[in-house]
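Notes for the one structure printed next.
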Amino acid sequence: MFYVDFLNPFVLIFLIGTVVSFIINHVLEFLDYKSRVKNGGKIPEVLQDIPLASETFDSKKLADICSYENAKYFLWIPSSICNFLLTVALILFGFYPKIMSLIISVTGFPSTIGSGFLCFFLFMIISSLPSDFLSVPFELYKEFVLEKKFGFSKMTLKLWISDQIKNLVMSLILSALLTIAASVFFIKFPESWWLILAITLMAFTFLMQIIYPKFIAPLFNKFEPLPEGELKDKISAILEKTGFKNDGLFVMDASKRSGHSNAYFSGFGKAKRIVLYDTLINSMTSDELSSVLGHELGHFKLKHIAKRLLMLIPLDFLVLFALYKLAQLPSLYEGFGFRYLPEQISSVQFLGLFLAILIWGSISEIFSPLSNLSSRKHEFQADRFAAEVCGTAEHLITGLIKLNSENLSELFPPKIYVFWNFSHPTLVERVKALKDLEKRS
């Protein structure tokens, strides 16, 4: 018989955290919706003296932005409710203890590395199935109805299925490799697995920075070298000026899936690659694209990535140590319906790790503003760097306006919504900061 102990402190934290996070998200999204209803037809004051903004954000564009954001909101409501109900139901009805009992009855108790790997791997796969199946209809509707309605999605059903299969295969391979390593650590090093696992995950993350751009990303998209010409010359000049060593400039065929625009860096050291979406190249001038890349180079030059790593790496070790400590507590297992003797817990610590992560996920929403605050600060600094290295903020301003317009991003999100959810400042905030910089110059 599997049952949940509602007086167990871990269960209480999970349930309260899940409910509070659900309420916070719905209140914030509703405030954002009300802001669109009130201000959606207006052009922000800071943009009104910019000719491109007045031309771009006409009445039709403003209406499209509101319609697109509202459509995403109305789809998010049932999706979030279903996810909330499923998350709570899986706990209340003892889904996880039941599947673990079934797995043990087939594979045996995880006392060896082989049985430990089988139990751990099967548990992780089966435990994710309910949420994976639930997400499919919402993903299909978003891709083939919502995104197509607003002219973004170029996806075909055949390509979507192909992507899902590739993602599934890659996920299984990578999950199996990590699970094998973790199983060894759990069985052979029951008191220090958290330290070895933290080091392994850190090494794996750095290794993926090398493997992903060269071997995994090409499975989904074509990457062609940026052709010779004005754009490449201007980008190369900025790269040389900033001392950015890289493995090449590439154009990705993003347009075969979506009309959304973007650019990104991948890899580290000399293996760094600069990737431009073909949609971005088609929508911007060479000066604007150079300024947008100048912003990304600012993150590199100002050591934002290194600073974030210096903060996150010790935090990862601290978090895994905390998870390890939680995984030793019999009350953690008992509260969620697992019944193991204290001496058996060392063999099923992956369950403790899973439950501890589940609890953390229920309360992590409360801490999201802290990370976003630091991220927005870095974005302002990178904007300032781009304006300085390119000699003017004008091209970055027009580039940001085009990016906002092409992606139908909203113009008037409430301050509390930005504070809580945005890792980047709004278009209005960025343009205002850049205009102030121009005046001071």
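Things to note:
- Given +1 at the Cβ of Lys and Arg, -1 at the Cβ of Asp and Glu and no other charges, the dipole of region 399-441 around its Cα centre is 200 debye to the nearest 20.
- Listed residue (Phe380, Phe206, Leu85) projecting farthest to the positive dipole end of the chain, Cβ model: Phe206
- Global geometry of region 187-259, whether rounded, prolate or oblate, following the gyration tensor of its Cα atoms and the 1.5 cut on a/c: oblate
- Whole-angstrom gap from region 364-441 to region 98-135, using each part's C-alpha centre: 44
- Label positions at Leu195 and Leu329, each projected 7 Å from the Cα along the C-beta direction, are separated by 2.3 nm.
- Computed extension length for Asp163-Tyr264: 34.3 nm, one decimal, from 0.36 nm per residue of separation with the Cα-Cα distance subtracted.
- Bridges between two residues of the chain, per DSSP, are antiparallel at a rate of about 65%.
- Solvent-accessible area per residue in the chain equals 51 Å², computed with a 1.4 angstrom probe and all protein chains kept.
- Spread of Cα-to-Cα distances over 10 Å intervals beginning at zero, given as percent, for region 176-322: 10, 32, 29, 18, 10, 2
- Interatomic Cα distance distribution for region 340-404, bins of 5 angstrom, percent: 4, 13, 12, 12, 10, 8, 8, 8, 8, 6, 5, 4, 3, 1
- Karplus 3J(HN,Hα) series, Hz, for region 393-399 with 6.51 cos²θ - 1.76 cosθ + 1.60 (x for Gly, Pro): 8, 4, 5, 5, 4, 5, x
- When both region 330-362 and region 238-282 are represented by their alpha-carbon centers, they are found 43 Å apart.
- Where trypsin sites (Lys or Arg not before Pro) fall in DSSP loop in region 163-265, at most 16 other Cβ within 10 Å: Lys222, Lys245
- Once the C-beta distance of Met155 and Asn70 is scaled by a Förster radius of 22 Å, the resulting FRET efficiency is 0.50 to the nearest 0.05.
- Distance distribution P(r), region 245-362, all Cα-Cα pairs, bin width 10 angstrom from 0: 11, 26, 17, 18, 18, 8, 1 percent.
- Note on region 316-441: Kirkwood radius taken over Cα pairs, Stokes-Einstein applied at 37 °C and 0.692 mPa s, translational D equal to 180 µm² s⁻¹.
- Rounded if a/c under 1.5, otherwise prolate or oblate - region 1-135, Cα gyration tensor axes: prolate
- Three principal axis lengths of the chain [C-alpha, angstrom, descending]: 71, 48, 45
- Of all accessible heavy-atom area on the chain, the percent that carbon and sulfur account for (1.4 Å): 67
- Length gained when the stretch Lys188-Leu134 is fully extended (0.36 nm per residue, less Cα-Cα span): 15.8 nm
- Average projected area [Cα convex hull, region 15-84], square nanometres: 5.5
- Rel. contact order, % - alpha carbon contacts under 8 angstrom, at least six apart, region 317-356: 51
- Residues of region 222-265 with an amide N closer than 20 Å to a point placed 7 Å from the Cα of Ile210 along the Cα-to-Cβ direction: 245-249, 265.
- A Förster radius of 30 Å, combined with the Cβ-Cβ distance separating Val27 from Ser409, puts the computed FRET efficiency at roughly 0.90.
The values are calculated or read from the model by the stated rules, or taken from the named source; none is laboratory data. All values derive from a computational prediction rather than experimental measurement. Using ideal geometry, Cβ is built from the backbone for each residue, glycine included, and neighbour counts are taken over all protein chains shown. Side chains included, ligands, DNA and RNA excluded: accessible areas come from the protein's heavy atoms. Shrake-Rupley method; radii C 1.70, N 1.55, O 1.52, S 1.80 Å.
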